[in-house]
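Worksheet for the structure shown next.
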Amino acid sequence: MSKSYNINQLDPLRFMARMEERQKRIAAAPAKEIVSDYEVNKLADALRPQKQFVRIQEVIERDADCKSFVLTADSEKGTKSLAYFSAGQYFTVFLDIEGMKLTRAYSISSSPKEALEGKYMLTVKSVQDGLASRYILDNWKVGDSVEVSAPEGFEHGFVTADLIRKYAPDTPYSVFLCGPQQMYAFVDKELEKLSLERKYIRHELFGEMHNPKTQADYPGCASDTIRITVTVRDETRTVTGSANDSVLQILEKNGIRVPSRCRSGECGWCHSRLISGKVYIPKEIDGRRMADLKYGYIHPCATFALSDLEIEVPAAK
Ligand code: FES
């Protein structure tokens, strides 16, 4: 319980004497700010840095459309050692392709032990309409420096309806899925047997959707070209792009860097406000919460414009 004071019993002279002492101490203090270097902060930075700079040590050709890149810490750019990761995690690669600010999530294809030995391996395969993967395969070479995020996501696992029933509690629970899209297609069907609400099912990384026309419920867009008026902090621009691209892809192709990680509607990094316009959000990658629906928030990575849009996006750090 806090101590209570009677204002009439306070001694103003004693208080004044303390003021004098306080001013003396302030005058004697060093002009430079004291920077505290706490061990726990250093550990947190090592485990989960904001970004990492890595250098390509080796390029391994797998076939005409697939290469592996061995990456080491780029100490010249300030990354002394690589962050550790768990099996199945991915990191985001930051790319600048002729002014387009792109991010792409790639699973780390080496073992966590190799990160302890100072190496990551990234394996990139060309995908249809894959601007970033094609760029990486054609341009990355030994000695190049690359910017990546800290490892993200959860560990891989495999689930079936029976397995979940066996271990699930009676109380409400959530299911987190990690794996390739084929696995999601299978497990999502299994989950339908459990009648779990969508909000209790999370996908670690569904994979970026490139063309909404492949979706059975896509309503179609009246125009092939979309205008998006976008506000980032206090700057507003109007850009144009293809209706086949996600809102995130259109912004990136116009040189606007938006925070993003999973690129598949799950992580929430690109969470943005839709001010006006109509959009299509495929249900497989619709990771919005109830509050997002209520207040008009979208994930641009999982959203396709059906009309001209006006949106407000967070600034990338
Ligand atoms: S980047 Fe993860 S939700 Fe958009």
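Brief remarks follow.
- Rounded to whole numbers, the Karplus 3J(HN,Hα) couplings from phi for segment 43-51 are 5, 4, 5, 5, 6, 9, x, 4, 8 Hz, using 6.51 cos²θ - 1.76 cosθ + 1.60 with θ = phi - 60°, and x at Gly and Pro.
- Each part gets one Cα centre, and for segment 57-90 versus segment 254-317 those centres are 29 Å apart.
- For a straight C-alpha distance cut-off of 22 angstrom, the lysines reachable from Lys294 (same-chain residues fewer than eight places away being disregarded) are Lys199, Lys278, Lys283.
- With all protein chains in place and ligands, DNA and RNA left out, the 1.4 Å accessible area ranks Lys125, Lys253, Lys166 as Lys166, Lys125, Lys253, largest first.
- All lysines inside 24 Å of Lys24 as judged from Cα atoms, apart from same-chain residues fewer than 8 positions distant: Lys32
- Heavy atoms of Lys278: accessible area, 1.4 Å probe, square angstrom to 10: 130 Å²
- Converting phi to 3J(HN,Hα) with the Karplus coefficients 6.51, -1.76 and 1.60 and the offset θ = phi - 60°, segment 19-31 yields 4, 4, 4, 5, 5, 5, 5, 5, 5, 7, 6, x, 5 Hz in sequence order, with x at every glycine or proline.
- Cβ-derived FRET efficiency at R0 35 Å, Val59 paired with Asp188, nearest 0.05: 0.45
- Put Met290, Met209 in order of accessible area, highest first, and with a 1.4 Å probe you get Met290, Met209.
- Here Thr123 sits with roughly 50 square angstrom of accessible surface, probe radius 1.4 Å.
- Radius 14 Å from Cβ of Glu147, net charge of other residues (Lys, Arg +1; Asp, Glu -1): +4
- Using the Cβ-Cβ distance between Arg48 and Leu10 with R0 = 41 Å, the FRET efficiency computed as 1/(1 + (r/R0)^6) comes to roughly 0.25.
- Sorted largest first by accessible area at a 1.4 angstrom probe radius, with every protein chain in place, the residues Arg233, Arg202, Arg55, Arg263 fall in the order Arg233, Arg55, Arg202, Arg263.
- For segment 65-77, the Karplus equation 6.51 cos²θ - 1.76 cosθ + 1.60, evaluated at θ = phi - 60°, returns couplings of 10, 8, 9, 10, 10, 8, 10, 10, 5, 9, 5, 4, 9 Hz by residue, with Gly and Pro reported as x.
- Degrees, to the nearest 10: 181-192 long Cα axis against longest axis of the chain: 80 degrees
- Which listed pairs, of Lys77/Lys125; Lys101/Lys141; Lys67/Lys119; Lys51/Lys119, have C-alpha distances above 23 Å, in listed order: Lys77/Lys125
- Our summary gives the chain a relative contact order of 15 percent, counting only alpha carbon pairs under 8 angstrom and 6 or more residues apart.
- Separation in nanometres of the label points that stand 7 Å from Cα toward Cβ, at Ala316 and Asn139: 1.3 nm
The values are calculated or read from the model by the stated rules, or taken from the named source; none is laboratory data. What you are looking at is a predicted structure, and each value in this text was computed from that prediction instead of being measured. Please note: Cβ atoms are built from the backbone with ideal geometry, for glycine as well, and neighbour counts cover all protein chains shown. The accessibility values were calculated without ligands, DNA or RNA, using every heavy atom of the protein model including side chains. Shrake-Rupley method; radii C 1.70, N 1.55, O 1.52, S 1.80 Å.
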